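Heads up, the thing below is written out as structure tokens.
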Amino acid sequence: MVTSVKYQSPSTKRSNVQKYMSLPIPLLTIIIVIGSSIKQSLGFNNARNFQRPSQKFLHPLSTTSRIEKSFFPRGPLKVSVSDSETTTTSDPNLSTEVEYSLPDGVVCARGVCSLADEEVSEELCYLDEDDDGNLVGMTCVTNTEVKEQNIFSFEFLWPRALLLGCSMLYGTNFPLGRLMNESLPASAATSGRMLLASAVLAPFLLKLKPELRTTSVIGGCFVAAAYLSQSLALVDTPAATVAFLGALTVVVTPTTSVLIDKAKLGFKDAPQTWLAATLCLAGVGALELGGGEGLGDIGWGDFWAAVQGVGFGIAFFFTERMMAKNPDQALPITAVQVGMTAFFASVWAIFDGTGVLGSFGGDNGAWLLDESTRVQYALPGLFLSGFTGDEALRNLAIAAAWTGLITTSANRVGETTALGKMSSSEAAVILATEPLWAALFASIYIGETLGPQDIVGGALIVVACLTTAVKPETLQKLLGIEPENDANLNIPL
């Protein structure tokens, strides 16, 4: 008897995001999304919430496997996948036919996924589910149809240059956030920035699939917690330190995956995750304990910077699991997350501006109750004052517009455009440079300097981010580790 394993990869379906001429009020639209989300189930183990009609993973592969290197219980099967051709290797000892139908391939990096361009992307990745519907990992397939590219050609360079530019722009958020917090209440700076970003992204809310509303709102709550914590940290903590501590996502995201989806991330299956976590924690220790006072150097700013990493790490988990199944939903999901951040930032600004929070978040409490500060700090007064003669406020207005319109909203468009034209590992390496750009721009814009412990700790954290891009098979071979793949495949015979 002969067993054949068939893989079918449908042609990539690309859809252009429809543009709308009107801009609905961001907060009103967010309230509508929240109201609609109440009807949705809050369970995370229901695979139907994330299942695409074209996907039929009857028996999922393990977290760390590549299809061309899959091992089945009674011998290896090597399969080459393309749109027009199916290659099958038979084992006479097997007697059951198993069929897999693969969905559109994606490229994912740091919580964002984009539809892969099969003409230039060297890898096509798919989410794996276990028998209970939990998402337990990512399977990446070598794309045999990829065209040969000259590494000096414009076609090869432009998406990588675009993604590097996005990483650089993300890095400007930290020094500019610190600059705004020195002159504005943190709540005013954050709410103004996010309201601008949500106004730009609000039209994409109309494209959000109903089944994604609940998870998008939940992920948006964690994004809001991350951005608000980041703003609080930048009140009295160096911008470079806040950026480096934000890289705690390399620990938080896989931990969340294990807790919610029961992902198999043991050392044998995912050594790169354990190595990255170890390096990241060592870097955090160097940053926080490397000073002369040890634990005495740790302040509230460091705490909020760490909370930022936790918030983004959990948000990346929710975002990636949604975008990997629905890569055409990247901008609608981002619109919900930014809208949720604008909502919570506005609530914070109201409580802070009326004096309810006292000196929490700065020394400018009750700024809404004073007419002069209200006119200057709240929108649209900040821009009216800044662009009509007040030079000090002009720089703040430019910083608010830059962080709201460019680095928060437009940057996501560039990021999703570039991602689909390279491998996930390439994208992860490029995006890992963000804290380095933050440190560079903090030195240029606000004169921050790095001490020895900052350099050592930051270097360890950046290496940790780069380690997440290493394929598990590489470390398994290097360390002589035998992955526990056979035990995870339960194919009926």
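The values are calculated or read from the model by the stated rules, or taken from the named source; none is laboratory data. Quick caveat: nothing in here was measured; it's all calculated off a predicted structure. Cβ placement follows ideal geometry from the backbone for every residue including glycine, while neighbour counts extend to all protein chains displayed. Each accessible area value is taken on the protein alone, full model and side chains, heavy atoms only, with ligands, DNA and RNA left out. Shrake-Rupley method; radii C 1.70, N 1.55, O 1.52, S 1.80 Å.
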For E182 and T388, FRET efficiency with R0 = 22 Å and r from the beta-carbon atoms, rounded to 0.05? 0.50
I need the peptides 405-417, 322-334 ranked by packing, meaning the mean over residues of other C-beta atoms within 10 angstrom, with the highest value on top. 322-334, 405-417
Show the residues, 5+ positions off or on another chain, whose built amide H is closer than 5 Å to the amide H of D128. V136, G137, M138, T139
Stokes-Einstein diffusion coefficient of segment 152-479, Kirkwood radius over Cα pairs, 37 °C, 0.692 mPa s, in µm²/s: 161 µm²/s
If you average the sequence gap of Cα pairs under 8 Å that are 6 or more apart and divide by the length of segment 226-328, what percent do you get for the contact order? 49 percent
Heavy atoms only, probe 1.4 angstrom, no DNA, RNA or ligands counted: give me V258, V284 ranked by accessible area, highest first. V258, V284
Under the Karplus relation 6.51 cos²θ - 1.76 cosθ + 1.60, θ = phi - 60°, what is the ordered set of whole-Hz ³J(HN,Hα) values for segment 307-315, x standing for Gly and Pro? 4, 4, x, 5, x, 5, x, 5, 4
Given R₀ = 51 Å, FRET efficiency for I398-D131 by Cβ-Cβ distance, to 0.05? 0.40
The answer for S423, listing residues at least 5 apart or on another chain whose modeled amide H is closer than 5 Å to its amide H, is E122
Cross-link list K268/K477; K147/K471; K209/K325; K207/K325; K147/K421: which exceed 20 angstrom alpha carbon to alpha carbon? K147/K471
Can you pull the one-decimal nm distance between simple spin-label points at K209 and F360, each 7 Å off the Cα toward Cβ? 3.8 nm
Around C465, what is the net charge, scoring Lys/Arg as +1 and Asp/Glu as -1 over all other residues with Cβ under 13 Å from its Cβ? 0
A correct Karplus calculation of ³J(HN,Hα) over segment 341-356, with 6.51 cos²θ - 1.76 cosθ + 1.60, θ = phi - 60°, whole Hz and x for Gly and Pro, returns 5, 4, 4, 5, 5, 5, 4, 4, 4, 5, 5, 5, x, 9, x, 5
If R₀ is 60 angstrom, what is the calculated FRET efficiency for the pair E155 and L479, using the beta carbon separation as r and rounding to 0.05? 0.95
Whole-Hz Karplus couplings 3J(HN,Hα) for segment 417-425, θ = phi - 60° and coefficients 6.51, -1.76, 1.60, Gly and Pro as x, run 5, 6, 4, x, 10, 8, 7, 4, 5
